[in-house]
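The values are calculated or read from the model by the stated rules, or taken from the named source; none is laboratory data. Since this is a predicted model, take the numbers as computed values, not measurements. We place every Cβ from the backbone using ideal geometry, glycine too, and count neighbours over all the protein chains shown.
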Amino acid sequence: MRVVIVADWDADGVVAAAQLLYAQEKLGVFPVRGKVHVDLMPSGPRGFRDRVLGKCWEYVIVIDIPFTDDVDLGLKSMVDSGCSFKLYYFDHHKSTVENVEYIERAYGGIVVSGSTSTSLIIKNFLEKLGIKITPRLKLFIEAVTAIEGGKRTSASEGVVKLVIAISKHLNRTKNPDIWCKYVRWLADPIPFDDIELILGKETPGLIDESLRVSKEADEELKDVAVNFAMSARRIGYLRFIDARGKWAGRGASALASAIHKIVGEPVVLLIDRSDGITLVIIRSSKGEAGRLIDMLYALGLVEDRGGHGNIAVGKLSKNASLKDLELALIRLSLYMR
């Protein structure tokens, strides 16, 4: 019996994946009765097809990945190759929620969605099956959920700091081995003390590495963000930055967040991916990002939108020009104000 968990690179994806790994490998409860080894695979919404192409599992669990054309093509490639699998899809992104009926119809999948973090969605799902979440996982679920929703948390400062560092480290390095190490470490049922976590005793070297990389990323982004903030053009109450040809690094969402922190207003950032596709990234603090990306999608200016209320991303449509985008942002800015 072959089982795979395909989850997002960020901390929510890691913590959510760890819960299902625990339920299968440690307890032998879900999705298969009996303790079965689970293949672990990090992926984003873009690149999903390449990750699963030519592979086959009997159970495929997709976690915290917005449903996009690339995800659809990836699942379709498995079906077309003769692979018969049971699909479970856990996610909170709008594009997934809007396609629940399609996913269930096209792939016979079971979709479990909601408006909170994917980690909390899975926790609630497993508890309904009678599965008790470990103290270790509970700490990280609480921290991830608070960070995702921008809320205060009773989780310790050490856990919150590590959750943020994990996301930055993985998004910066895209290292599957480190991702898998964190998933398996979080799935370990043995509890730990906060002081042991802060000192890195639980995972020698790994936590220190994540904190170091996170600090380096913050320092590098700071200077870049200041330069972009100074050159940002005002469109209505938005700040618009065209970083195409000027920013080739990973972590564009983190860059948008850093600029937003400096200017204190919603930021619209344009970047080019290595494959030539232009991304529109919007960062805000009062939910404007999600609403703006939805309206740009409705106007046909972006495709494959994803993200949340305060950080949203879409692929600029092939037929949309920079002028089209700017005019739309002017109108939408006035409308939202």
The listed residue being within 26 Å of Arg250 (Cβ to Cβ) and not polar (S, T, N, Q), out of Gly28, Gly34, Gly82, Gly44:
Gly44
Any idea how many residues of region 35-52 are in contact (Cβ under 8 Å) with a residue 12 or more places away in the chain and either within 24 Å of Val159 (Cβ to Cβ) or not in a helix (DSSP H, G or I) (or both)?
12
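Quick grid of which residues meet (1) modelled with pLDDT of 90 or more; (2) more than 20 Å from the chain's Cα centre (by Cα); (3) under 30 Å from Leu186 (Cβ atoms):
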residue	(1), (2), (3)
Ser214	no, no, yes
Asp218	no, no, yes
Tyr237	no, yes, no
Lys246	no, yes, no
Gly264	yes, yes, no
Leu270	yes, no, no
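For (1) surrounded by fewer than 19 Cβ atoms within 10 Å (Cβ to Cβ); (2) at pLDDT below 95, each residue gets a yes or a no:
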{"site": "Met1", "(1), (2)": "yes, yes"}
{"site": "Val15", "(1), (2)": "no, no"}
{"site": "Leu20", "(1), (2)": "no, no"}
{"site": "Leu27", "(1), (2)": "yes, no"}
Considering only region 314-337, how many residues are surrounded by 15 or more Cβ atoms within 10 Å (Cβ to Cβ) and either basic (Lys, Arg) or within 23 Å of Asp275 (Cβ to Cβ) (or both)?
7
Listed by range, helices (runs of 4 or more DSSP H) wholly within region 87-172 having at least 2 residues that are in contact with a strand residue (DSSP E or B) (Cβ under 7 Å, 6 or more places away or on another chain) and crowded, with 23+ Cβ neighbours inside 10 Å are 118-128
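Does Ile311 satisfy the condition of being crowded, with 17+ Cβ neighbours inside 10 Å and either among the small types (Gly, Ala, Ser) or at pLDDT below 90 (or both)?
yes
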Among the residues of region 269-291, write down those that are among the aliphatic types (A, V, I, L, M) and out of contact with any helix residue (DSSP H, G or I) (no Cβ under 6 Å at 6 or more places or on another chain).
Leu270, Ile277, Leu279, Val280, Ala289
